[in-house]
Amino acid sequence: MSNKNRFSPLWLALAVVIGIFIGTFYANHFSGNRLSIINSGSNKLNNLLYIIDDQYVDTVDMADLVEQAVPQILAELDPHSTYISARDVQTANDDLRGSFSGVGIEFTIRNDTLRVQNVITDGPAEKAGVLAGDKIVTVDDSVFTGSMLTNDEAMHRLKGPEGTQVKLGVLRYGETQLRHLTVIRGEIPMKSVTAAYMLDEQTGYIRIKNFGENTYYEVLVALAQLAQEGFQQLTIDLRGNTGGYLQSAVQIANEFLPKDRLIVYTEGRHSPREDYRSDGRGSYKQMPLVVLIDEGSASASEILAGAIQDNDRGTIIGRRSFGKGLVQKPVEFGDGSMMRLTIARYYSPSGRCIQKPYANGMDREYEEDLLLRYQNGEFFSSDSIKHTGPEYHTRLGRTVYGGGGITPDIFIPEDTTDFTSYYKEATMSGLILQFGYDYTDQNRSKLQEFDDEASLLKHLKRQNMVEQFVQYAEAHGLKRRNLMIQKSHRLLEDFIFSRVIYNMLDEASWLQYLNESDPAIIETLRLFKAGEAFPKAPGQDEGQGKKVAYGYDYRSMHRMMRMVARA
């Protein structure tokens, strides 16, 4: 062997060592502290896990330990960066995807038993013979009742790949024998637009529950339907809408804005500013418009409401929105789990960030913000709204505020006039929901004679429903309080009627009933009739942006307490 070949391995090893030395030198001296911190931090975590696995006194499920640690790490960042386990990813994405694969029922859990609230028309469960009111007590020949039964557990057991089978043991009202039904799972649609109808001869109404993949197309269908009925003005109801996809909100806003109007922009440390503008192709750029919001309206709802308000395109009615102005990016892991990491903030056209303040991801005040608003009187008086952010201005020069949600142009307070401790306990305990279900179940054959909200309501008004509930509640531990019952009679009756209507018909009928005496809807119709839906510049309309409607919203609790799940 020549001397050259003999020394080749030595020269190669020396070159590797020199390369490592140079690389280490440059990393330590030129990359700054950030790289050093990340390296030391990640090494510490890796070392920690290794030491626990190698030396801890007991055997540790390392995969489970990591599964518990990751959410805690993300929770230190902000309130909306979250981790979703592989088991829960599908469920988390279903609402936004617009459909899921399952049996096609809406259900609630009462007394450790799954009860079918509604059966989706033409869905797998209906085809297999499942009826509203049925109790599902076994799944695939296993007992499906007891304290272990939760909404999450039920959805995991009943959902599954399209075309697969699930065996249900069903107990029907008035029967003692179990029915065994085999359901072939199928694709079940999840609608974002839950109601679209005419409030009067000229006013269309669209209720958007969330912003998913198909929301824009559902809105277009609803608009086309309303156009056939001759609508000349529109109300978009975003109350309780917790958000969803930014793009869906942008597409809907585009339908109502002139060309080249800024809708929203996003910006983050590693996300350069990105503007979303209208293209001028919208079909409803001149139509009078009102948008309804409340403390449950968040994220994409605030994008849409902010775009309408900052461009002075319509009037916002309701109460201050939630205040979520952070943008999350989904990041999938190899095991099927997912992280939603905040990468940017979004800003309304005037430049305001709607995100309310937070200290970190574990900020207790942030979690309790809505309760604090309630305690501070914000739900009852617009004067109690605390604006912590800077002032901004709309295109016409109206003042708006950043740092905590969209403040409506017209404020609708919550009602406390007929509120009593009896009514509070009746609602918060779930007794009205239970009574509504049991009453529906026991009278289903009679109630099926009424196929619309008006005829069903007429029947219910003759049944002395409040007294029936009071007797039911007393049998379940809620003491009769005659003076309080008399004072809250209107609220009790309204809530009870709404539950039976929802149980027997659908969400659209339920909303239509709630809207009939809703003060926000009444104010909307007054505004349209007065020709005041388009905002005016300061000085042209005294007090614009500080109006308070004379009416009280006593139905917000009804909207929040739907309390059903789908599978």
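Just to verify a number: what accessible area does ILE184 come out at with the full protein assembly present, 1.4 Å probe, Å² rounded to tens?
Accessible surface of ILE184 is approximately 100 Å².
What angle do you read, to the nearest 10 degrees and between 0 and 90, between the alpha-carbon axis of helix 431-442 and the longest principal axis of the chain?
The angle comes out near 60 degrees.
Which one, TYR513, HIS489, ILE501, projects farthest toward the positive side of the charge dipole computed for segment 457-524 from Cβ point charges (K/R +1, D/E -1)?
HIS489
What's the extension gain from SER445 to THR145 if we count 0.36 nm per residue and subtract their Cα-Cα distance?
Full-extension gain reported as 105.4 nm.
Could you work out the local net charge near GLN355, counting Lys and Arg as +1, Asp and Glu as -1, over the other residues with Cβ closer than 13 Å to its Cβ?
-1
How large, in Å, is segment 294-335 by the Kirkwood hydrodynamic radius built from its alpha-carbon pairs?
It works out to 11.9 Å.
Quick query: amide H of ILE105 versus all other amide H atoms, modeled in the peptide plane; which residues come in under 5 Å with a sequence gap of 5 or more or a different chain?
For ILE105, whose amide H was placed from the backbone, the distant partners under 5 Å are ILE120, ALA567.
Taking θ = phi - 60°, what integer Hz values does the Karplus form 6.51 cos²θ - 1.76 cosθ + 1.60 yield along segment 351-360, in sequence order, with x for Gly and Pro?
Coupling constants for segment 351-360: x, 7, 8, 7, 4, 6, x, 8, 7, 6 Hz.
Let's see if you can work this out: charge +1 on each Lys and Arg Cβ, -1 on each Asp and Glu Cβ, no other charges. What is the dipole magnitude of the chain about its Cα centre, in debye to the nearest 20?
Computed about the Cα centre, the dipole is about 780 debye.
Just to check I understand the Karplus step: with θ = phi - 60° and J = 6.51 cos²θ - 1.76 cosθ + 1.60, what whole-Hz values come out for segment 494-509, glycine and proline as x?
Going residue by residue, I get 4, 5, 4, 4, 4, 5, 5, 4, 5, 4, 8, 10, 7, 5, 4, 5 Hz, with x marking Gly and Pro.
Taking only Cα atoms, what is the 0 to 90° angle, nearest 10, from helix 62-75's long axis to the longest principal axis of the chain?
Tilt of helix 62-75: around 70 degrees.
So what is the relative contact order for the chain, in percent, with contacts set as C-alpha pairs under 8 Å and at least six apart?
In percent, rounded to a whole number, it is 13.
Could you work out how far apart the two model spin labels at GLN247 and ASN111 are, taking each label as a point 7 Å from the Cα in the direction of the beta carbon, and quote it in nm?
4.8
For HIS156, what accessible area in Å² do you get when you roll a 1.4 Å probe over the heavy atoms of the protein chains, rounding to the nearest 10?
60
First compute the accessible area of segment 386-448 with a 1.4 Å probe, then give the percent of it belonging to carbon and sulfur atoms.
46
Give me the percent of accessible area attributable to carbon and sulfur for segment 181-280, probe 1.4 angstrom.
C and S fraction of accessible area: 46 percent.
State, to one decimal in nm, how far the label point of SER384 lies from the label point of TYR173, with both points 7 Å from Cα in the Cβ direction.
Between SER384 and TYR173, the simple spin-label model gives 4.0 nm.
Which net charge results when you count Lys and Arg as +1 and Asp and Glu as -1 among the other residues whose beta-carbon is under 13 Å from that of TYR205?
With Lys, Arg at +1 and Asp, Glu at -1, the neighbours total -4.
Just order 241-248, 193-200 by mean Cβ neighbour count inside 10 Å, highest at the front, would you?
For the peptides 241-248, 193-200, the packing ranking is 241-248, 193-200.
Near LYS529, which lysines are there with a Cα under 26 Å away, not counting those fewer than 8 places off in the same chain?
Excluding near neighbours in sequence, the set is LYS285, LYS546, LYS547.
Given axes a ≥ b ≥ c from the Cα gyration tensor, I'd like to know whether segment 160-253 is rounded (a/c under 1.5), prolate (a/b larger than b/c) or oblate.
prolate
Ordering HIS489, HIS459 by accessible area with a probe of 1.4 Å, largest first, what comes out?
Largest accessible area first, the list is HIS489, HIS459.
Taking only DSSP H segments of four or more residues, each worth -39500 (n - 2.57), what value at 222 nm results for the chain once the sum is divided by all its residues, to the nearest 500 deg cm²/dmol?
-12000 deg cm²/dmol
Once you have the Cα-Cα distance between LYS424 and GLN232, take 0.36 nm times their residue separation minus that, and quote the gain in nm to one decimal.
65.1 nm
Per residue, how much accessible area does the chain have with a 1.4 Å probe, in Å²?
With all protein chains present, the chain gives 50 Å² per residue.
For segment 389-440, rounded, prolate or oblate, judged on the Cα gyration tensor with a ≥ b ≥ c (square roots of eigenvalues), a/c < 1.5 rounded, else prolate if a/b > b/c?
Judged from the Cα gyration tensor, segment 389-440 comes out prolate (a/c at least 1.5, a/b above b/c).
In terms of Cα to Cα distance under 20 Å, which lysines are near enough to LYS324, apart from those fewer than 8 places away along the same chain?
Reachable lysines: LYS209, LYS356, LYS386.
Of all DSSP beta bridges in segment 287-346, what percent run antiparallel (nearest 5)?
Once the DSSP bridges in segment 287-346 are tallied, antiparallel ones form about 65 percent.
Can you sort ASP418, ASP335 by 1.4 Å-probe accessible area, starting with the largest?
Reading off the accessible areas and sorting them downward yields ASP335, ASP418.
Given the chain, what percent of its DSSP beta bridges are antiparallel, to the nearest 5?
75
Ordering LEU48, LEU262 by accessible area with a probe of 1.4 Å, largest first, what comes out?
I get LEU48, LEU262, largest accessible area first.
Quick one: 3J(HN,Hα) in Hz for segment 143-151, Karplus 6.51/-1.76/1.60 with θ = phi - 60°, rounded, Gly and Pro as x.
Values, residue by residue: 4, 10, 9, x, 5, 6, 7, 10, 4 Hz.
Identify, among THR416, SER384, THR394, the residue whose Cα sits farthest towards the positive end of the charge dipole of segment 369-439, taking +1 on the Cβ of Lys and Arg and -1 on the Cβ of Asp and Glu, with the dipole about the Cα centre.
The residue sitting farthest along the positive end of the dipole is THR394.
Cα-based count: Lys pairs in segment 387-523 below 27 Å, eight or more positions apart or different chains?
Value for segment 387-523: 10.
Looking at (1) 219; (2) 181; (3) 241, which value of volume of the Cα convex hull per residue in Å³ comes from a calculation on the structure shown?
Recomputing volume of the Cα convex hull per residue in Å³ here gives the entry labelled (3).
For GLU467 and LEU48, what is the calculated FRET efficiency with R₀ set at 60 Å and r taken between the beta-carbons, to the nearest 0.05?
After rounding to 0.05, the efficiency reads 0.40.
The values are calculated or read from the model by the stated rules, or taken from the named source; none is laboratory data. Predicted model only: the values in this text are computed from it and were never measured. Cβ coordinates were reconstructed from backbone atoms using ideal geometry, including for glycine residues, and neighbour counts include every protein chain displayed. Protein only, heavy atoms only, side chains kept; ligands, DNA and RNA dropped before computing areas. Shrake-Rupley method; radii C 1.70, N 1.55, O 1.52, S 1.80 Å.
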